[in-house]
Amino acid sequence: MTLERFWPLNDSIEPLLLQHFTNEVAWFFDFCDRERHFAVEVPHRARSCPPLLDAILAISSRHLSRVRKHVDPYLADRYYQRCLESLIPELGRVGSHCVDDLLAATVVLRLLEEFDVPISGLDKYQHSVGTRALLRSQTAQVPSATGLRRAASWAGLRQEIYGSLNAQQPPVIKASVELLSHLDSSQDDCAWANHAVSHCLEVLEFCFGESCKSTESFDALLASNVQWDTDRAPSYDPLCFQTRPEQVEPDNNPFWDIRLHSSWHVMGWQYRNLARLLLITHDPHIPRIGLRRQAAVQRMNDEARSMIKMICSIALSNPSTPTAMVVACMAVQVGGDLLEDPRERRAVLDLLVQLEVTHGWPTKDVSSALMGIWPESEIMVDHREEQEQGLISLQSDEEGG
């Protein structure tokens, strides 16, 4: 092995961060990508693209600081600052020669935003704007685009779902005709998952957009949602779907066992079901007044509870796909206040704790909001603290072993 050629890494922590990105963080991008562009290609591109390398080091150190408490939490801020200093000027250059690298860097930085990393004195949405601008500029080139560019484009669109739902605003970007036409030409398993992503963006436009919420538009979206389930590939069939008895011990898991084959099967169902939940809760057919309203609202709440249970069940049944838990967190934000069964409430809190402790995703605000709504809030606070300490202790034991 020659020692004359090596990566431009400055100290002993940076190789660790790069490996952590490849082995752990890249799954936040690659779950609908058979070729795993962010795990395989992006790190190699970062070798000759400083903004991309700094973006990788920033998100990797942030994630490590969340799941391994001994990592300096401010390390991510330093890489983030350095990345923006070189990235922003590049984004302003029309026709940059390394658009794939820059798009990947902005998508990586947007994940950092989702992990809630404030940078004092800087607009933390700068990289969101950059992602959207690059996605728009590349629309016409999608049919001839590289695999990485398409993968990064879909990652940016999935991030738009999270941002739109959190802000309760319509998505700024949606899947282009060109991007969707590439799916139609391939129609592999990952294509079905990406169709679900595109459908979810259309539903968010209906829910939060300024256009009239007509029953015709709703019916068309609902028909698309049903058609996805009808036409999907057979590989999307669950490996198992087992319900649990209603009368079980209070500490038992109340959710269903719904196991799926691969990460794109898991996430295709999650985005399709999230779209269905949004349609259920934004149904214009529900009477605004009158004697039929109460029954219609009760039916809506029952359907929403069932869909939340479905989404949480898929997330917990497929732990090797952590992003499924992120979608479950989104579903809980939409309708967690509707949950009535104390066992389901505890199980939702357990899911949120697991998502934060094991995968670093911030969930305390969601948990606090739920516990402020649910009547047994004091018991729930103690339960969350117990679960959090238990997971942290287990994690420490595994690291020590």
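Applying a threshold of 6 Å to beta carbon distances and a minimum spacing of six or more residues, or different chains, the list of pairs starting in the range 271-299 at a residue that is in contact (Cβ under 8 Å) with a residue 40 or more places away in the chain and of a type outside the set (Val, Ile, Thr) and ending at one that is in a loop (DSSP other than H, G, I, E, B) and surrounded by fewer than 22 Cβ atoms within 10 Å (Cβ to Cβ) reads 284/213. Residues in the range 288-323 that are surrounded by 13 or more Cβ atoms within 10 Å (Cβ to Cβ), not β-branched (Val, Ile, Thr) and not in a helix (DSSP H, G or I): 318, 322. Yes or no: the range 189-204 includes at least one residue that is within 23 Å of residue 335 (Cβ to Cβ), out of contact with any helix residue (DSSP H, G or I) (no Cβ under 9 Å at 6 or more places or on another chain) and β-branched (Val, Ile, Thr). No, the range 189-204 contains no residue that is within 23 Å of residue 335 (Cβ to Cβ), out of contact with any helix residue (DSSP H, G or I) (no Cβ under 9 Å at 6 or more places or on another chain) and β-branched (Val, Ile, Thr).
Determine whether the range 268-275 contains at least one residue that is hydroxyl-bearing (Ser, Thr, Tyr), within 19 Å of the chain's Cα centre (by Cα) and at pLDDT 95 or above. The answer is yes; a qualifying residue exists. Within the range 179-219, being assigned to a loop (DSSP other than H, G, I, E, B) and of a type in the set (A, V, I, L, M, F, W, C) holds for one residue alone: 212. With the structure loaded, tell me whether residue 237 is over 26 Å from the mean Cα position of the chain (by Cα), farther than 30 Å from residue 342 by Cβ and surrounded by fewer than 21 Cβ atoms within 10 Å (Cβ to Cβ) or whether it fails that test. No: the conditions fail for residue 237. Of everything listed in (1) touching a residue at least 60 places away in the same chain (Cβ under 8 Å); (2) part of a helix (DSSP H, G or I), the single unmet condition for residue 235 is (1). Whether a residue is farther than 30 Å from residue 30 by Cβ and in a helix (DSSP H, G or I) was assessed, and residue 343 passes this test. Checking each residue of the range 1-22 against the condition of being touching a Phe, Trp or Tyr at 6+ places or on another chain (Cβ under 7 Å) and at pLDDT 95 or above gives no match. Comparison of 334, 326, 357 shows that the only residue that is farther than 22 Å from residue 278 by Cα, in contact (Cβ under 8 Å) with a residue 60 or more places away in the chain, outside any loop (DSSP other than H, G, I, E, B) and under 17 Å from the mean Cα position of the chain (by Cα) is 357. For residue 384, are the conditions met, namely being in a helix (DSSP H, G or I), surrounded by 13 or more Cβ atoms within 10 Å (Cβ to Cβ) and modelled with pLDDT of 80 or more? Here the answer is no, as residue 384 does not meet what is asked.
Mind checking which residues of the range 273-284 are over 14 Å from residue 306 (Cβ atoms) and crowded, with 24+ Cβ neighbours inside 10 Å? Matches in the range 273-284: 275, 278.
Within the range 62-88, how many residues turn out to be in a loop (DSSP other than H, G, I, E, B) and under 14 Å from residue 357 (Cα atoms)? Residues meeting the conditions: 3.
The values are calculated or read from the model by the stated rules, or taken from the named source; none is laboratory data. Keep in mind it's a predicted model, so treat the numbers as computed, not measured. All Cβ positions, glycine included, derive from the backbone under ideal geometry; neighbour counts span all protein chains shown.
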